[in-house]
1. Residues to consider are 197, 217; find the one that is farther than 25 Å from residue 134 by Cα, at pLDDT 95 or above and in contact with a strand residue (DSSP E or B) (Cβ under 8 Å, 6 or more places away or on another chain).
2. How many residues does segment 230-246 hold that are more than 17 Å from the chain's Cα centre (by Cα) and either crowded, with 17+ Cβ neighbours inside 10 Å or without any contact (Cβ under 8 Å) to a residue 12 or more places away in the chain (or both)?
3. Of the residues 50, 35, only one is more than 25 Å from residue 179 (Cβ to Cβ), without any contact (Cβ under 8 Å) to a residue 12 or more places away in the chain and surrounded by fewer than 24 Cβ atoms within 10 Å (Cβ to Cβ); which?
4. Quick check on my filter: what residues within segment 170-187 are free of Cβ contacts under 8 Å to residues at least 60 places away in the same chain and either surrounded by 22 or more Cβ atoms within 10 Å (Cβ to Cβ) or within 16 Å of ligand 2 (Cβ to nearest atom) (or both)?
5. With the requirement that a residue be at positive phi and within 13 Å of ligand 1 (Cβ to nearest atom), what does segment 154-187 give you?
6. Can you confirm whether residue 122 is modelled with pLDDT of 95 or more and in a loop (DSSP other than H, G, I, E, B)?
7. Based on what the data block shows, is residue 72 within 19 Å of residue 114 (Cα to Cα) and crowded, with 24+ Cβ neighbours inside 10 Å?
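The values are calculated or read from the model by the stated rules, or taken from the named source; none is laboratory data. Just so we're clear, the structure is a prediction, and the values are computed from it rather than from any experiment. With ideal geometry, Cβ positions are generated from the backbone for all residues, glycine too; neighbour counts draw on all protein chains shown.
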Ligand SMILES: [Zn+2]
Ligand SMILES: [Zn+2]
């Protein structure tokens, strides 16, 4: 966040499930002072190896701490945690993840399952030496990030194939992935400037008007493009980025799906793409 109070979010991975179409799986990054925030830790984390030597090279050495917000534990969202020993060497890390409330078990214990032999040569505490795991549950928590107190809203998404959580960062933006479109999301996100919402398929052919039910634009545990669009529209949010694109579709199809949402719902809907910065003015 700079003096003009612009927040720049770097999409490091915008694809769902499988890295494809030149896009990695879900991970977004932004910086506040000398701290970094990651939203999910999909294969997009791998981009930090190169970015720390290129566009982040001036800020990278000063970064003291990373905050990693994990929506849920599907591999496409957490595999990057395994790589942090190399990528975040020497930095302290806090992982915020759902636990007791969503899964009936502590987040630290669930993460510990992954970092066991023979899947991981070392436990979590050795992969990331200075790590703290914090449970997240609704309605959320306050976190100090880079000297700024940030109110983090948390919403449970029980209808994904395993429960996920959505995050809201002050009144700036909300990050909603791996969930069908839900009425409860509308209240949760109301008042933010930008919404990042998953859209796993183009649901234009099901669209009959702004009164469509959200169920119409639901595909199993995921959202259709107009599901995300209607959630944004009903919450009064003007700028929507579709993400968690279906790897079996092309980016051109994702761009087209977003264009149709813009045209029919009268909001600014775009398909998030890796490394295309999202700038939010406070
Ligand atoms: Zn996913
Ligand atoms: Zn998932």
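1. Numbers: 197 fails: farther than 25 Å from residue 134 by Cα.
Selected residue: 217, the only one of 197, 217 that is farther than 25 Å from residue 134 by Cα, at pLDDT 95 or above and in contact with a strand residue (DSSP E or B) (Cβ under 8 Å, 6 or more places away or on another chain).
2. Initial filter on segment 230-246 (more than 17 Å from the chain's Cα centre (by Cα)): 230, 233-238.
This time we only want the ones that are either crowded, with 17+ Cβ neighbours inside 10 Å or without any contact (Cβ under 8 Å) to a residue 12 or more places away in the chain (or both), so: 230, 233-235, 237.
Of the residues in that region, 5 qualify.
3. Values: 35 fails: without any contact (Cβ under 8 Å) to a residue 12 or more places away in the chain.
Answer to the selection: 50.
4. Our first condition is that a residue be free of Cβ contacts under 8 Å to residues at least 60 places away in the same chain; within segment 170-187, this holds for 170-171, 174, 176, 179-187.
Across segment 170-187, the qualifying residues are 174, 176, 179, 180, 181, 182, 185.
5. At the first step, the residues of segment 154-187 found to be at positive phi are 170, 178.
Residue satisfying the conditions is 178 alone.
6. Details: modelled with pLDDT of 95 or more: no; in a loop (DSSP other than H, G, I, E, B): yes.
Against the criterion (modelled with pLDDT of 95 or more and in a loop (DSSP other than H, G, I, E, B)), residue 122 does not qualify.
7. On the way: within 19 Å of residue 114 (Cα to Cα): yes; crowded, with 24+ Cβ neighbours inside 10 Å: no.
The answer is no for residue 72.
For every residue, the table says whether it meets (1) within 16 Å of ligand 1 (Cβ to nearest atom); (2) surrounded by fewer than 16 Cβ atoms within 10 Å (Cβ to Cβ); (3) more than 20 Å from the chain's Cα centre (by Cα); (4) closer than 21 Å to residue 25 by Cα.
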residue: 81; (1), (2), (3), (4): yes, no, no, yes
residue: 85; (1), (2), (3), (4): no, yes, yes, yes
residue: 95; (1), (2), (3), (4): no, no, no, yes
residue: 100; (1), (2), (3), (4): no, yes, yes, no
residue: 124; (1), (2), (3), (4): no, no, yes, no
